[in-house]
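Below is one structure, written out as structure tokens, with a few remarks after it.
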Amino acid sequence: MASNQIPHPDPKFDTPPQLTIDDLEQNKEFDYSKRSQWLRAAVLGANDGLVSTASLMMEVGAIKQDIKAMILTGFAGLVAGACSMAIGEFVSVYSQLDIEVAQMERDKKRAESGAGVEIDDCENKESLPNPVQAAAASALAFSAGAMVPLLAASFIKEYRVRLAAVAAAVSVALVVFGWLGAALGRAPAVRSCARVLFGGWLAMAVTKPNCFN
């Protein structure tokens, strides 16, 4: 005889899962725009280190083809460029920070006066630029970029072969840095690599013809 009783629902299937705060944090999509400040400084520093150091080495090498002069020129460009990039990024980003903090103070006063403006202090503080972070990223990236032509030229005595090795190494590094910047920012990789590569070639085009004359 069939029973008329309604079976009790199994809580394992009918009870919705309870999400914890950790689960919500893991499912929350990461905001890649937060990386834009230091990523911009790193990409700029790496490209500047690659192109400016390689161009400087080629230009000096066109006058004096000695490998020691070329390496010393590149090393001097590395040190001076890294310091210049770090100081420039620190000053410029600090100026941006001052402007954004001043705007936050104005918005806060308007909110306190009852102007109907809602301020999220925690979110605003997280979005503020970091001058030290930008300066460090720029200096380290410049040094990493400048090391590429230095290493490429260090072990080749033949002048023309040395220039070709520098140009090839810089081209490969430009593609790598372009891809790395796109990967960290979740941007289109092909477009980023092409932009960085052709930009670097254009910047070095002024010195390359003079070097092979």
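Candidates 174, 151, 140: the one that is surrounded by fewer than 15 Cβ atoms within 10 Å (Cβ to Cβ), modelled with pLDDT of 85 or more and in a helix (DSSP H, G or I) is 151.
Among the residues of region 180-193, just one is surrounded by 14 or more Cβ atoms within 10 Å (Cβ to Cβ) and at pLDDT 85 or above, namely 193. Annotation: of all residues in region 105-127 being modelled with pLDDT of 80 or more and surrounded by fewer than 14 Cβ atoms within 10 Å (Cβ to Cβ), the one that is farthest from residue 80 (Cα to Cα) is 110. Tell me yes or no: at least one residue of region 205-212 is aromatic (Phe, Trp, Tyr) and either at pLDDT below 80 or within 16 Å of the chain's Cα centre (by Cα) (or both). The answer is yes; a qualifying residue exists. Inside region 63-84, residues that are part of a helix (DSSP H, G or I) and either free of Cβ contacts under 8 Å to residues at least 12 places away in the same chain or more than 13 Å from residue 53 (Cα to Cα) (or both) make up a count of 10. Pull up region 154-171, narrow it to residues that are under 18 Å from residue 48 (Cβ atoms) and of a type in the set (A, V, I, L, M, F, W, C), then point me to the one that is surrounded by the most Cβ atoms within 10 Å (Cβ to Cβ). Per the stated criteria, the residue is 166.
The values are calculated or read from the model by the stated rules, or taken from the named source; none is laboratory data. Note that the structure is predicted; figures quoted are calculated from it, not measured. In this analysis, Cβ positions are derived from the backbone assuming ideal geometry, glycine residues included, and neighbour counts consider all displayed protein chains.
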